[in-house]
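One structure below.
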Amino acid sequence: MKKELIKSHKDLRVYQMAFDAAIKIFELSKKFPVEERYSLTDQIRRSSRSVCANLAAAWRKCRYEAAFVAKLNDCEAEAAETQIWIEFAVKCNYLDVASARELYGTYNQILSGLVSMIANPSPWLVKR
């Protein structure tokens, strides 16, 4: 089987997982109480979307290893933050345990992919 060429951040499996997870969080967070609109709801949506946005920014910086890795580190931090908000949503009874486990597991996979890219950025960098 031939490996497909990655032309855009949208082709990255880690981006696709992060985007799908952010959409799922958006849908699930619609059921959060209105009093959480400017706190937990906003925070979990923002951090989940930020993973995707920072991946796009990292991809545009793939000519420069330090800048690329720095943006990937931002992605990692936002993904970990999202996991914390998932935990809060469960403890506040806004999110059921099964949905939370699924999301948390997805973010573990996202984090694994990001850590792998950070540890070995060379295959992702543009060769000069």
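The values are calculated or read from the model by the stated rules, or taken from the named source; none is laboratory data. Model, not experiment: these values are computed from the prediction. In this analysis, Cβ positions are derived from the backbone assuming ideal geometry, glycine residues included, and neighbour counts consider all displayed protein chains. These area figures cover heavy atoms from the full protein model, side chains too; ligands, DNA and RNA do not enter into them. Shrake-Rupley method; radii C 1.70, N 1.55, O 1.52, S 1.80 Å.
Computed with a 1.4 Å probe over protein heavy atoms only, the accessible surface of the chain comes to 61 Å² per residue. Shape summary: the chain maps onto an equivalent ellipsoid whose semi-axes, from the alpha-carbon gyration tensor, are 30, 14, 12 Å in decreasing order. For residue 59, the solvent-accessible surface with a 1.4 Å probe is about 30 Å², rounded to the nearest 10. The relative contact order of the chain, computed from alpha carbon pairs under 8 Å that lie at least 6 residues apart in sequence, is 28 percent.
The portion of the accessible surface of segment 47-128 made up by carbon and sulfur, rounded to a whole percent, is 55 (1.4 Å probe; DNA, RNA and ligands excluded). The modelled label-to-label distance for the pair residue 70/residue 87, using points 7 Å beyond Cα in the direction of Cβ, is 2.9 nm. For residue 63 and residue 26, a Förster radius of 41 Å and the Cβ-Cβ distance give a FRET efficiency of 0.80, rounded to the nearest 0.05.
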